[in-house]
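Notes follow once the structure below has been shown.
Nothing in this text is a laboratory measurement; each read-out follows from the coordinates by a stated rule. The structure displayed is predicted, hence computed values, not measured ones. All Cβ positions, glycine included, derive from the backbone under ideal geometry; neighbour counts span all protein chains shown.
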Amino acid sequence: MVTHSQVRKQARPNPVLASVQQFWQKRGPDLVPPIIGIAVFLTIWQLVSSSGLTRLPGPLSLWTDTRTRELLLYPFYDLGGLNKGLFWQTWASLGRVAQGYTAAAVVGISVGVLVGTSPWLNKATYPIFQFLRMVAPLAWVPIALVALQQNQPAAIFVIFITAVWPILINTIEGVRQIPEDYDNVAKVLQLSRKDYYLNILFPSALPYIFTGLRIAIGLAWLAIIAAEIVMSGIVGIGFFIWDAYQQNYISEIILAVFYIGFVGLLLDRAIAFLQMKIAPARK
Amino acid sequence: MSLLVAVDQVNKIFSLSDGGEYIALKGIDLKIKTGEFVSFIGHSGCGKSTLLNMIAGLSLPSSGVLTLEGKKITEPGPDRMVVFQNYSLLPWRSVRENIALAVNSVYGDMPKGDRRAIVEEHINLVGLQHAADKWPDQLSGGMKQRVAIARALAIRPKLLLLDEPFGALDALTRGNLQTQLMRICDENNVTAVMVTHDVDEAVLLSDRIVMLTNGPGAEIGNILEVDIPRPRQRMEVVEHPSYYSLRSEIIYFLNQQKRIKKLRARKTTAVARHGLEKVNLDIGFVPLTACAPVAIAKEKGFFAKHGLEEVNLTRETSWRGIVDGIAGGYLDAAQMPSGMPLWFSLGGHKNTPLPVVSALTMTRNGNAITLSRRFYEQGVHSLNAFRDMLHRTPETQHRMGMVHPSSMHNLLLRYWLAAGGIDPDRDLALQTIPPAQMVVDLKNNAIDGFCVGEPWNLRAAMDEVGFTIATDREIYDGHPGKVLGVREDWAAAYPNTHIALTKALLDACRYCADPENELEIRQILSQRAYLGTPIDYIHLGDPNTKVCELQKPMREYAHHLFFGDGANRPSRTEHLWHMTQLARWGDVPFPRNWLEILERIVRVDVYSTAARELGLLDAKFTRGSIHLFDGTDFDAQDPIGYLNSLAIKRDITIAEVVFDGRVAALAA
């Protein structure tokens, strides 16, 4: 108790420290458990790898391995060709995701609305969608390569075909689940088709659509790594991993994995943020 | 008021997933005039919302036509705006935007400023200025429904449709919203149709209440006109004389629907035993002192003694219940007012003759006419004084209560009034009120007097709200009170049971007449299953001094006659007197074939067999002619001549009554 009050006495004149302390008091209970969890996980990992049970390097190797340390410290270097810093590798993968994912969102939402509003179309397409949905992203790679001949469009196609199903299926469901009451309001007011889409259908289906979008962004990110591993010779975080594996730079793989995980987390939060801005949850 | 909505022979059939079909509504006919407020009431699943949705155009009838201003309704439209039970506000639009969506889509060609003004006007109308920019999920249920009402009214619909609008709200909010809705409707002359299951809400808001029977095949059971003037105030409406009768009418209807549902599910079959065709009987009675023989037969085991081992007594609060029970066939037999068998047989119920026979007169006397205490204080102590008072104040509508058109109370009261020169329909209004309701209505000044069986006259006197101006012993001493009534087809199907039933009740009548049993009978009657009234109000024979003390106008207290010389034999002369009186007041036509009808209705044969088997030898065959207080003697020689000689009467119809079909009405 004594030290605590002393800290307070010192902290009072310093506004920065005071705000940090205030932040810590408020958010501390939320932040402490994940920090402890991560620390314990990394420690166990380090212990296991240094015990010699596995060849997998521990997390400390990111720093102890020289090559990896350089990659860690200089993510922005660009020496031409495939020899680029990790930021640029990730950036290239993200670019592909952006294209494929946007295409998936546009196609998924528009086809979803079309199919959702027509029970006949829904019945007609249901088996096809469910069938195609089950095909793994990797299985699409050879098909895409055969069909499109080039690596870049094939990679984008794989992203698209992976991401489109959750968006499509959730949009269909969202449109089908529009409460009858809202439809009745639209019918009684004799809303025009445009007014109906803008004021009833989209707002009502939006939560479903966003659920689809969030699932899809995760899948898209998963798919790009897989696709790049298979499609050799392109700039991208996936091929970077494959390349490192071929050359036995295991700790580089671990670093790349950290990048992948972190970017995936950011993507999910970004979509969630978008959802909060566009369609706040209202009952 | 012009016709706005017409529903013509509409049926609605839903097909079920198993391939069958469910008939939700059958043969619905309804007309709604401009400016009217109509409510649909009925049990859950009776199809009232389906009917509303068909008017809205949200669902279409399977057959039949609905029109709005003569045009067939084929789709929903803003001229028939709906207020849904769960508000149906769009959660992604604020209060203002929700109303604006409706206004913009309906008044799209209007300038923007005008549209905005309409939105603001209606936000103000429901008093939600402070919440105009809130989201629906920030509002309470009551506020949401106000928004929905504002949205509906903002587009000026020809017809406002409300689907249980206040069903999900707490009582206080509901009351406030009802008042607001009523004000808005009155001020803007809105035509509205509301689905509700709240009886008070229906009475408060409606001009007409449409009561739907239970599905499948729900139909309009009855339509009530609410004659309470507008504008209405919640507290004043409750005090209006019609309020309780409307309310009890609806509640009676809803209860009846519930019972019919239960009876449909039960389906009893006749249990034959001891040489009787049916020993499981449902017998209806109304809680009055005169129900003593029925109660005693059950409690003292007279039914069982005569082989009727599974008798179930059904307590009805009004004679309506007995009528519906007998007409619907779910009562085997009932205690009836003495005129009811004839009233049934001559087509009093729904203009369809239903032969009902009587083999036993269970009680005589026991009725009286009570007037409000304030007349006593004004010096109205006699029939003549009452007449003078009525003729002095023609501008005041005086009302008197009776229990059923066919009951002796009605006939006695009318006879008494007419003999005093009072026309019971022109100088007064007679209202049908359940017996137990009389004293309460008298206390509330909803009626000025009544004629009813005991204990209610005594109770009015003891509670000092009324006084007995005349007893039945003065008007028509020894008149039949309650009789045993069964349907003729029932009597034909179960002849031995009919005799056993007559025997059991006659035995019970004998028991009731023994002064030694009086206290026990009074105790039994005071139980909840029967009268549910303190024993002090229940008297069988002579009254004690406490009752007599009410000086001059309180004459000798009427006492019941359960048994005695010729008291129980059903008398053709008496039934003929009833026939003339029922015809006199226009309830039924006077049958040209009256002799034949009396032969069929008055089952002296059953009575005689029962009495002989009980060892009671018939002392007298007739009771002779009937003596009435105005000096007339009624004999059975010339009933039509008697009817023609009466001064105060309605237009009398004479017709041949054919039991197998409808009445062939011939004006005489």
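What list do you get for B:F563, B:F659 if you sort them by fewest beta carbons within 10 Å?
B:F659, B:F563
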From the C-alpha gyration tensor of the range B:319-411, square roots of 5λ in Å: 35, 15, 11
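Could you tell me the convex hull volume per residue, in Å³, taken over the Cα atoms of the range B:428-481?
94
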Taking just the C-alpha trace of the range B:184-285, give me its Rg and Dmax in Å. 19.7, 70
Report the net charge of residues surrounding B:Y476, where surrounding means a beta-carbon distance below 11 angstrom and charges are Lys +1, Arg +1, Asp -1, Glu -1. -3
Please work out the Cα center distance from the range B:7-46 to the range A:113-147, rounded to the nearest Å. 44
Residues A:I38, A:I271, B:I13 in order from fewest to most other beta-carbon atoms within 10 Å are A:I38, B:I13, A:I271
Averaged over every viewing direction, what's the projected area of the C-alpha convex hull for the protein assembly as shown? Give it in nm², one decimal, please. 63.4
Once amide H atoms are built 1.01 Å from N in the peptide plane, which residues 5 or more positions from B:T314, or in another chain, come under 5 Å H to H? B:I283, B:G284, B:F285
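In a shell of Cβ-Cβ distance under 15 Å around A:Y74, excluding A:Y74 itself, what net charge do Lys and Arg (+1) and Asp and Glu (-1) give?
Numbers: positive: A:R67, A:R69, A:K84; negative: A:D65, A:E70, A:D78, A:E252.
Computed value for this residue: -1.
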The range B:115-229, relative contact order in percent, only Cα pairs under 8 angstrom and at least six apart counted: 19
Quick one: angle between helix B:383-392 and the longest Cα principal axis of chain B, in degrees between 0 and 90, rounded to 10, please. 30
Per the charge dipole of the protein assembly as shown (beta-carbon charges, Lys/Arg positive, Asp/Glu negative, Cα centre), the residue among B:G20, B:I260, A:N248 reaching farthest to the positive end is A:N248
Compute a Gaussian network model of chain A, connecting alpha carbons closer than 10 Å, and tell me which residue from A:P29, A:P153, A:P15 fluctuates the most. A:P15
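In the range B:217-335, what is the volume of the convex hull around the alpha carbon atoms, normalised per residue and reported in Å³?
Values: hull volume 16.1 nm³, N = 119.
With only Cα atoms used, the range B:217-335 gives 135 Å³ per residue.
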Return an integer: the convex hull volume of the alpha-carbon atoms of the range B:253-400, in Å³ per residue. 177
When the scattering of chain A is computed by the Debye formula from its Cα atoms alone, each counted once and equally, what is log10 I(q)/I(0) at q = 0.10, 0.11 Å⁻¹? -0.75, -0.85
Taking only Cα atoms of the range B:385-527, what ratio of Rg to Rh do you get with Rh as the Kirkwood inverse-distance radius? 1.05
Rg and Dmax of chain B over Cα atoms: what are they, in angstrom? 28.8, 96
Counting DSSP beta bridges with both ends in chain B, the antiparallel % (nearest 5): 55
Would you mind counting up the charge near B:I326? Only other residues with Cβ under 12 Å from its Cβ, with Lys and Arg at +1 and Asp and Glu at -1. -4
Calculate the tail of P(r) for the range A:115-226: the fraction of all Cα-Cα distances greater than 22 Å, expressed in %. 45
Mind pulling the angle between the C-alpha long axis of helix B:141-154 and the longest principal axis of chain B? Nearest 10 degrees, somewhere in 0 to 90. 70
Any idea what the relative contact order of the range B:253-334 is, in percent, if you count C-alpha pairs under 8 Å spaced at least 6 apart? 33
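Please give the direction-averaged projected area of the C-alpha convex hull for the range B:1-150, in square nanometres with one decimal.
11.5
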In whole angstrom, the spacing between the Cα centers of the range B:375-399 and the range B:417-460 equals 14
Amide hydrogen neighbours beyond the local backbone of B:F40, cut-off 5 Å, H modeled: B:M194, B:V195, B:T196, B:V210
Principal axis dimensions, largest first and in whole angstrom, of the range A:75-164 by Cα: 56, 25, 18
Cα centroid of the range B:144-162 to Cα centroid of the range B:238-256, whole Å: 29
Name the most mobile residue of A:I159, A:I241, A:I35, meaning the one with the largest mean-square fluctuation, in a Gaussian network model of chain A with Cα contacts below 10 Å. A:I35
Along the principal axes of its C-alpha atoms, what lengths does the range A:168-283 span, in descending order and rounded to whole Å? 69, 24, 18
Using Cα atoms only, what is the angle between the long axis of helix A:15-50 and the major principal axis of chain A, expressed in degrees (0 to 90) to the nearest 10? 80
For the range B:72-171, the percent of all C-alpha pairs falling in each 5 Å bin, from 0 up to the bin holding the max distance, is 2, 14, 25, 25, 19, 10, 4, 1, 0
Positive-end extreme of charge dipole, the protein assembly as shown - chosen from B:L412, A:F258, B:Q138 (charges on Cβ): A:F258
In whole percent, the Cα-Cα distances of the range A:26-91 spread across 5 Å bins from 0 upward as 4, 15, 14, 13, 15, 16, 13, 7, 2, 0
Whole-Å semi-axes of the ellipsoid equivalent to the range A:1-140 (Cα gyration tensor, √5λ, descending): 46, 29, 20
Hz values of 3J(HN,Hα) by residue in the range A:208-215 - Karplus curve (6.51, -1.76, 1.60), Gly and Pro given as x: 5, 4, 5, 4, x, 4, 5, 5
What is the pair-distance distribution P(r) of the range B:1-66, computed from all Cα-Cα distances in 5 Å bins starting at 0, with each bin given as a whole percent? 4, 16, 25, 26, 16, 7, 3, 2, 1, 0
List the extent of the Cα atoms of the range B:330-381 along each of their three principal axes, largest first, rounded to whole Å. 46, 26, 19
What relative contact order, as a whole-number percentage, does chain B give when Cα pairs under 8 Å and 6 or more residues apart are counted? 13
Can you list residues whose amide H is under 5 Å from B:V356's amide H, if they're 5+ apart or on another chain and H is modeled 1.01 Å from N? B:S345, B:E488
